[in-house]
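See structure below.
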Amino acid sequence: MDQKDGVSRRSLFSAGAGLAAGAALSWTDFAHAAKKGGPDKISITPDGRYETAPLAKDIISLGVAQARVVPVELSNLKQTRRANVQHMMDLIDAANGFSGPKDLIFFHEFPITGYYHKWNIQDARKAAIEIPGEETEMLASKAREYGCWLVFGSYVRDRDWPESLLSITTIMNGKGEIVDKHWKARNIKGFFGGDFELFTTTIYDVLDRYVEMYGADAVLPVTRTPIGNIATSSVQREPELFRAFAMKGAEIILRTATGGFNPIDMQATSLYNGVYTAVANNAASPENPYYFADAGGGGSAIYAPDGDVMNIAETAFETLVSARIPIANFRARNRQPIVHSELFMPVFEQYRSRYGPNLFAEYQPKDTRDSGRYLRDKARWPK
């Protein structure tokens, strides 16, 4: 526990030989596996309460930056990636300007690298950043200038995963320190008809090794900070994921989207779990040469614990969606969501998803078509 910031840090361990590929660990095996490399206990309590860090203030100001998405030029990587980060820094200035200082500013998945569907894994790894790195140092200077927390996604390279492309959401405190890095939990599979699939490596794709390296609690991470318990995700249409975050004590769930989303999915996260939810989508991006300027842009929003809209972007252009969250008052009365788990856990225990975990443990697809080819015969459900 970092006493200065009240943030529970995960111990990271370098990979050893790794777990043998095969059947996935069951939920009851997580604690046993975690002893090899991380916390051996999932941070959840059985009495409706949850773990917290002391709050720095009673009310926080949250700003969702609906920002452009512009892919870097691989032939001019350093300059174009730096330009994207500088644009984020300019938006941080604006967010802390006329409308007043923000305690937390939240960006979408790809404000640094942008996104281009024709990148193969080598292209995307070239575009990706390292954490920490030059880009995070630039952003840290703005976090320190304003004393505001920053949350942003990016493609990431990691030395412990030398063949993989990671999609990570970074949480940075007001001192410019990186306090957590959340992997994407899973990618959707089978949605594109089998011709192509996403090739980023998610937790689910290497689940056993991930648990061995980082521990059971890191599978569904909730970062306990002085401005509230924060969970992040770029996953859509899997309500069980957000229910689990809320069970573990998430108070503010920050969800990213690029290219569009279903607002009902976002609103229901708050309504069903009694938490604050924000979604950061991309803005219209006329600077992006590969897509229509307004492709999937707009709709960034903040929802209250009862599902009501606190604020929503009324435009697809770049804008700031902000709200004040009475986090101390909320925490005083908040409890875990009420779930009658004994009714349906027997069904969950027997259910098996269409695609099993650990499919990228033995082979890393090289592009979207290679991923489609590789996953074509991996479904556990009959056609």
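The values are calculated or read from the model by the stated rules, or taken from the named source; none is laboratory data. All values derive from a computational prediction rather than experimental measurement. Positions of Cβ are generated from backbone atoms using ideal geometry, with glycine treated the same way; all protein chains shown enter the neighbour counts. Note: accessible area is taken over every heavy atom of the protein model, side chains too, but ligands, DNA and RNA are not part of it. Shrake-Rupley method; radii C 1.70, N 1.55, O 1.52, S 1.80 Å.
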Next item on the list: Calculate the length of the line joining the C-alpha centroid of region 147-206 to that of region 297-370, in whole Å.
Entry: 15 Å
Notebook entry, point to check: Non-local amide H neighbours of Thr315 (under 5 Å, H modeled in plane, Pro and chain starts lacking H): which ones?
Noted result: Gly299
Notebook entry, point to check: For region 238-383, what is the relative contact order in percent, using Cα pairs closer than 8 Å and at least 6 residues apart in sequence?
Noted result: 18 percent
Note to self: Would region 115-184 count as rounded, prolate or oblate if I go by the C-alpha gyration tensor, calling it rounded below 1.5 in a/c and otherwise prolate when a/b exceeds b/c, oblate otherwise?
What the structure shows: prolate
Checklist line | Within-9-Å neighbourhood charge of Gln236 [Cβ basis; K, R +1; D, E -1] | finding: 0
Next item on the list: Express the accessible area of region 258-383 per residue in Å², computed with a 1.4 Å probe while the remaining protein chains stay in the model.
Entry: 57 Å²
Note to self: Computing the accessible area with a 1.4 Å probe over protein heavy atoms, can you report the carbon and sulfur percentage for the chain?
What the structure shows: 54 percent
Notebook entry, point to check: If packing is taken as the mean number of other Cβ atoms within 10 Å per residue, what is the order of 243-252, 275-284, 187-196, highest first?
Noted result: 275-284, 243-252, 187-196
Checklist line | Highest average packing first - 170-176, 346-352, 117-123, 230-236, Cβ atoms within 10 Å | finding: 230-236, 170-176, 117-123, 346-352
Item checked: Among the listed pairs Lys126/Lys383; Lys118/Lys378; Lys57/Lys78; Lys41/Lys181, those beyond 27 Å (Cα-Cα) -> Lys126/Lys383; Lys57/Lys78
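Taking Cα pairs under 8 Å and at least six residues apart, what relative contact order does region 125-256 come out at, in percent?
In percent, rounded to a whole number, it is 17.
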Margin query: Just to verify a number: what accessible area does Glu318 come out at with the full protein assembly present, 1.4 Å probe, Å² rounded to tens?
Written below: 70 Å²
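May I ask you to derive the relative contact order of the chain, considering only C-alpha pairs under 8 Å and at least 6 residues apart, and to give it as an integer percent?
Details: 842 pairs, mean separation 84.8, N = 383.
That works out to 22 percent.
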Checklist line | Neighbourhood charge, 13 Å Cβ-Cβ cut-off, centred on Leu91 and excluding it, Lys, Arg +1 and Asp, Glu -1 | finding: 0
Check: Regarding region 232-383, what whole-number volume in Å³ per residue does the convex hull of its Cα atoms give?
Finding: 162 Å³
